[in-house]
Amino acid sequence: MVAVGTVLGASGCTGNDPENNSPAGSKSAPKKAGSNNDAAGKKVTIGFSGPAADHGWLGAINKAAKDAAKKYPDVELKVAEGTNDASLQISQIETFINDKVDAIVLLPTDGAALTEVATKAMNAGIPVINVDREFSNPFAARTTILGDNYGMGVSAGTYACQLVKQKKLSNPVIAEIAGIDSLPLTQDRSKGFKDALKKCGQRVDNRVSAEFTVESGEKQASNLVQAAPKIDILWNHDDDQGVGVMAALDQANRHEMAFIGGAGSANAMRLIKEGKMEATVLYPPTQAADGIKVARLIAQGKGISDLAQVEVPRRIVLNAPVVTKKNVDQYLPLAFES
């Protein structure tokens with residue numbers, strides 16, 4: 001079954017208020033539960049294809065998918081080599097189709113480029129589980145599993161508003177280090193952050209964009225602290241680039257701000273435990289693992305047992321909780337290494 005705490009519904013329905021959803025407002029994360037669906041059933045073969053693991057989060061995605069499959073004796077997992085070449089990934093899916101696998105879990109290197117071959121798989125009767133990067137046609141996937149990029153921004157902004165109130169900050173300076181600005185996911189995260197801040201009368205005063213790498217994070221953070229002599233709250237979109245951000249802050253001896261991260265790396269969570277970071281906002285690296293679980297259920301003709309609905313939903317959007325010192329121990333086991 002999909003882990004408890006997964007949000008089922010349409011994109012944009014985030015429910016990311018840290019006080020009312022389990023993240024920062026409580027001391028424990030939602031607990032997982034087993035179900036009859038976990039009992040062995042019909043043997044199924046699942047093909048999995050994802051991008052090259054050239055980023056800590058992507059490495060965690062691939063590992064989580066393999067680990068999820070190992071838990072089920074009724075699942076045979078065929079794993080294609082990770083690649084950032086859309087043409088090669090298309091050929092991998094063609095191979096899965098020719099092998100007549102029972103389901104395909106696909107995190108496309110390019111959603112639009114993989115739409116046609118995913119549709120071909122669906123037309124061949126092979127359900128496709130689309131993970132993280134959406135296809136350009138809804139008929140290309142049986143179920144789509146997404147992280148909530150807009151929700152990440154909402155969570156970060158809502159938590160920033162709480163900090164303004166708790167610390168009684170007057171005219172706070174709020175800064176943002178985004179990822180690659182040309183990507184829709186970065187745009188969604190920034191929009192969510194801006195929208196949440198607006199609700200408490202705040203705004204982003206200083207903003208730079210990096211490239212989801214350590215080097216770019218360090219460079220852009222150095223530029224930021226030079227431009228802003230004082231920062232009260234800083235949100236960095238990505239914990240991998242956050243390693244460079246922290247290095248720049250250390251070099252400039254600038255630790256006056258509440259530093260909020262993004263994505264949920266183990267490094268960030270350790271810094272939270274040590275009191276060197278305020279929080280991080282999850283972009284769950286469990287998406288492909290949930291994809292494997294959902295693919296198994298669909299291939300076996302099952303639904304999600306905790307739902308009254310008979311079949312697996314067509315769209316699953318994962319929550320974007322805030323991780324703080326209060327609940328970090330619950331989320332640390334799911335964190336990825338930068």
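The values are calculated or read from the model by the stated rules, or taken from the named source; none is laboratory data. What you see is a predicted model, and the numbers here were worked out from it, not measured in a lab. Cβ coordinates were reconstructed from backbone atoms using ideal geometry, including for glycine residues, and neighbour counts include every protein chain displayed. Calculation scope for accessible area: heavy atoms of the full protein, side chains included, ligands and nucleic acids excluded. Shrake-Rupley method; radii C 1.70, N 1.55, O 1.52, S 1.80 Å.
If the condition is being in contact with a Cys (Cβ under 7 Å, 6 or more places away or on another chain) and small (Gly, Ala, Ser), then the stretch 150-200 contributes only Ala196. Counting residues in the stretch 314-329 that are part of a strand (DSSP E or B), farther than 26 Å from Asn37 by Cβ and touching a residue at least 24 places away in the same chain (Cβ under 8 Å) gives one or more. Of all the criteria given as (1) in a helix (DSSP H, G or I); (2) buried (at least 18 other Cβ atoms within 10 Å of the Cβ), the one not satisfied by Lys194 is (2). You will find that of Lys63, Lys78, the residue that is open to solvent by 60 Å² or more (accessible area, probe 1.4 Å) and either modelled with pLDDT of 95 or more or part of a strand (DSSP E or B) (or both) is Lys78 and no other.
Within the stretch 257-290, being in a helix (DSSP H, G or I) and either of a type in the set (A, V, I, L, M) or more than 24 Å from Lys167 (Cβ to Cβ) (or both) holds for Ala266, Asn267, Ala268, Met269, Leu271, Ile272, Gln287, Ala288, Ala289, Asp290. Restricting Ile298, Ile292 to those that are open to solvent by 10 Å² or more (accessible area, probe 1.4 Å) and either among the polar types (S, T, N, Q) or in contact with a strand residue (DSSP E or B) (Cβ under 8 Å, 6 or more places away or on another chain) (or both) reduces the list to Ile298.
Of all the residues that make up the stretch 66-75, how many are buried (at least 16 other Cβ atoms within 10 Å of the Cβ) and under 21 Å from the mean Cα position of the chain (by Cα)? Residues in the stretch 66-75 being buried (at least 16 other Cβ atoms within 10 Å of the Cβ) and under 21 Å from the mean Cα position of the chain (by Cα): 2 in total. What are the residues in the stretch 226-254 that are under 16 Å from Pro172 (Cβ atoms), touching a residue at least 12 places away in the same chain (Cβ under 8 Å) and of a type outside the set (Lys, Arg), if any? Those that are under 16 Å from Pro172 (Cβ atoms), touching a residue at least 12 places away in the same chain (Cβ under 8 Å) and of a type outside the set (Lys, Arg): Ala228, Ile231, Asp232, Ile233, Leu234, Trp235. Restricting the stretch 215-225 to residues that are open to solvent by less than 60 Å² (accessible area, probe 1.4 Å) and either out of contact with any strand residue (DSSP E or B) (no Cβ under 8 Å at 6 or more places or on another chain) or of a type in the set (Phe, Trp, Tyr) (or both), the residue that is nearest to Leu169 (Cα to Cα) is Val225. The residues of the stretch 301-338 that are farther than 24 Å from Val154 by Cα, open to solvent by less than 80 Å² (accessible area, probe 1.4 Å) and in contact with a helix residue (DSSP H, G or I) (Cβ under 8 Å, 6 or more places away or on another chain), listed by number, are Lys302, Gly303, Ile304, Ser305, Val312.
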